[in-house]
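Trainee: Here you go, one structure.
The values are calculated or read from the model by the stated rules, or taken from the named source; none is laboratory data. All of these numbers come straight from a predicted model, not from anything done at the bench. We place every Cβ from the backbone using ideal geometry, glycine too, and count neighbours over all the protein chains shown. Ligands, DNA and RNA are excluded from the accessible area calculation, which covers all protein heavy atoms including side chains. Shrake-Rupley method; radii C 1.70, N 1.55, O 1.52, S 1.80 Å.
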Amino acid sequence: MSGSRRPLRLAINGYGRIGRCFLRALHEAGLDSRFQVVAINEPADLASIAYLTRFDSTHGRFPGKVEAEDDHLLIAGQAVSVTHAREPEAVDWAALEIDLVVECSGQYSDRAGISRFLAVGVPRVLLSHPANSAADVDATVVYGINHQQLTGAERIVSNASCTTNAVVPLLDLLERELGLSQVLLTTLHSVMNDQPLIDGYHHTDLRRTRSAMQSIIPVSTGLARGVERLLPSLAGKVQAKAIRVPTHNVSAIDLVLAVDKEVSASQVNRLLAEAAAGPYQGLMAYSEETHASIDFNHDPHSAVVDGSQTRKVGPRLINLLVWFDNEWGFANRMLDVTRHWQGLWSASSSPDSTLQR
Ligand SMILES: NC(=O)c1ccc[n+]([C@@H]2O[C@H](COP(=O)([O-])OP(=O)(O)OC[C@H]3O[C@@H](n4cnc5c(N)ncnc54)[C@H](OP(=O)(O)O)[C@@H]3O)[C@@H](O)[C@H]2O)c1
């Protein structure tokens, strides 16, 4: 099935912010004939699904015609079957001949849960969040850092988190070039749909009961462990805080780094600028312009280093500011991982091993 030259058949499970961005990234990249989203499973009704595909307050109008017909969508002329189940078993994935489910509901974090898709005819699942542990997936991938370790035999891959994608390339580079003895990360993350607009109950997290638009809200995060999962040389050296801020999209990371080699702030900036112009092109960018977060809305990079905010205190303490579009950058990395992974499992195409798009 997967070895033929027919387009890859994708399904999106959970068609919220990331699910919709993934579909749109596919279309904006002009890849929709090679990688077809043939199914969406999302509890919302068809009319709302069509409406929020067409109009997006953050990313603007969809660049193509979107229509709702009977039980499916027509997106830029392609038919997309739509189901509304909360249980994977309630969808006939096998009949849809799905090659990959892009899982964007965030509801499946352990192997038993994710395997429910595999048990009902889905060959592979790409998760839009980190699994509970490394053992719950076959691989956790940050594109540009370890995607080359995929073999094509994996059935469950996690695309890590947006913040992990933003910070791991940077830390990987600085660990190699300068050595890192301690890392403190503070994420300033835009609001998400797991927060209420005004105060409301949340089943598991008191902080997520508070109005998203009225407060700066510290929330729990597994970022430090997520970074260490990708960069084992930093095990025990990373701590992180996550703070939700009342902006609709684009986030920032404030990084405090104790480095082994003595360097100046301008040397660090030069290193980052050269990496952005060289090996990390397309993945990481560098800017010294005067920015506010909105400047990075719909920016496809995993991270943009703001060189104007680099600070240094004492011989070895560096402070960096990094911007990232938590929705669009991440959705584009899911697309990159899909393309690369597909190249590996499909006998008819060769792996996409470059960072250049
Ligand atoms: N937003 C970001 O910046 C971002 C970035 C990177 C990664 N992520 C991760 O991506 C995942 C999704 O985030 P999001 O921001 O896209 O959330 P979202 O906007 O809330 O979208 C999730 C969608 O999945 C639906 N859903 C819930 N349970 C489902 C099920 N069992 N089967 C199918 N659909 C189901 C939800 O419907 P209901 O609302 O009716 O339950 C909702 O429409 C999370 O794990 C998040 O951590 C998010």
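Trainee: Cα axis of helix 162-177 to longest principal axis of the chain: angle in degrees, 0 to 90, nearest 10?
Mentor: That works out to roughly 40 degrees.
Trainee: Something else now. What do you get for Rg/Rh of region 163-326 when both radii come from the Cα atoms and Rh is the Kirkwood radius? Numbers along the way, then the final one.
Mentor: Working: Rg = 16.2 Å, Rh = 16.4 Å.
Radius of gyration over Kirkwood radius for region 163-326 works out to 0.99.
Trainee: Take the Cα atoms of the chain, build their convex hull, and give its volume per residue in Å³. Provide the component values of the computation, followed by the final result.
Mentor: Values: hull volume 48.5 nm³, N = 357.
Hull volume normalised by residue count: 136 Å³.
Trainee: Convert each backbone phi in region 273-286 into a coupling constant with the Karplus relation 6.51 cos²θ - 1.76 cosθ + 1.60 (shift: θ = phi - 60°), then list the ³J(HN,Hα) values in order as whole Hz, x for Gly and Pro.
Mentor: Per residue, the Karplus-derived 3J(HN,Hα) values read 5, 5, 5, 5, 7, x, x, 9, 4, x, 10, 10, 10, 9 Hz.
Trainee: When the solvent-accessible surface of protein heavy atoms is calculated with a 1.4 angstrom probe, in what order do TYR143, TYR51 fall, highest first? If you can, show how the numbers build up before the last one.
Mentor: Details: TYR143 5, TYR51 130 Å².
So, going from the largest accessible area down, we get TYR51, TYR143.
Trainee: Between helix 17-28 and the chain, what is the angle of the helix's C-alpha long axis to the longest principal axis, kept within 0 to 90° and rounded to the nearest 10?
Mentor: Helix 17-28 sits at roughly 80 degrees to that axis.
Trainee: Using each residue's phi in region 80-89, evaluate 6.51 cos²θ - 1.76 cosθ + 1.60 at θ = phi - 60° and report the 3J(HN,Hα) Karplus result to the nearest Hz, with x for Gly and Pro.
Mentor: 10, 5, 10, 10, 10, 8, 9, 10, x, 5
Trainee: On a 0 to 90 degree scale, rounded to 10, what angle separates helix 328-345 from the longest Cα axis of the chain?
Mentor: Compared with the principal axis, the helix lies near 70 degrees.
Trainee: For region 1-128, report the % of Cα-Cα distances exceeding 23 Å. All intermediate terms of the calculation are to be shown ahead of the outcome.
Mentor: Working: 2118 of 8128 pairs.
More than 23 Å apart: 26 percent of the Cα pairs in region 1-128.
Trainee: A further question on this structure: Send over the semi-axes of region 76-147's equivalent ellipsoid, whole angstrom and largest first, taken as the square roots of 5 times the C-alpha gyration tensor eigenvalues. The partial results should precede the final answer.
Mentor: Values: eigenvalues 103, 50, 24 Å².
Values for region 76-147, descending: 23, 16, 11 Å.
Trainee: Okay, next question. Could you tell me the relative contact order of region 8-137? Use alpha-carbon pairs under 8 Å, at least six residues apart, and round to a whole percent. Working shown, then result.
Mentor: Numbers: 219 pairs, mean separation 35.5, N = 130.
About 27 percent, as a whole number.
Trainee: Oh, and also: Counting only heavy atoms of protein chains, what accessible area per residue, in Å², does the chain have with a probe of 1.4 Å?
Mentor: 43 Å²
Trainee: With contacts defined as alpha carbon pairs under 8 Å and 6 or more residues apart, what's the relative contact order of the chain in percent?
Mentor: Working: 737 pairs, mean separation 58.1, N = 357.
Relative contact order, the chain: 16 percent.
Trainee: Still on this structure, I have one more. Pop out the ³J(HN,Hα) list for region 195-204 in order, Karplus 6.51 cos²θ - 1.76 cosθ + 1.60 with θ = phi - 60°, rounded to Hz; leave Gly and Pro as x.
Mentor: Couplings: 10, x, 5, 10, 3, x, 5, 10, 5, 10 Hz.
Trainee: While we're here: Could you tell me the calculated FRET efficiency between SER264 and ASP205, based on Cβ-Cβ distance and R0 = 56 angstrom, to the nearest 0.05?
Mentor: Computed FRET efficiency for SER264 and ASP205 comes out at 0.85.
Trainee: What's the carbon and sulfur percent of the chain's accessible surface, probe 1.4 angstrom, rounded to a whole number?
Mentor: Numbers: 7940 of 15400 Å².
C and S fraction of accessible area: 52 percent.
Trainee: From the Cα gyration tensor of region 83-198, with a ≥ b ≥ c the square roots of its eigenvalues, which class applies: rounded if a/c is under 1.5, or else prolate if a/b is larger than b/c, or else oblate? Before the final figure, lay out the partial values.
Mentor: Working: a/c = 2.85, a/b = 1.53, b/c = 1.86.
Oblate is the answer for region 83-198, as a/c is 1.5 or above yet b/c matches or exceeds a/b.
Trainee: With the contact rule set at Cα under 8 Å and sequence spacing of 6 or more, what percent relative contact order holds for region 163-326? Walk me through the numbers before you get to the answer.
Mentor: Details: 335 pairs, mean separation 43.2, N = 164.
The normalised contact order for region 163-326 reaches 26 percent.
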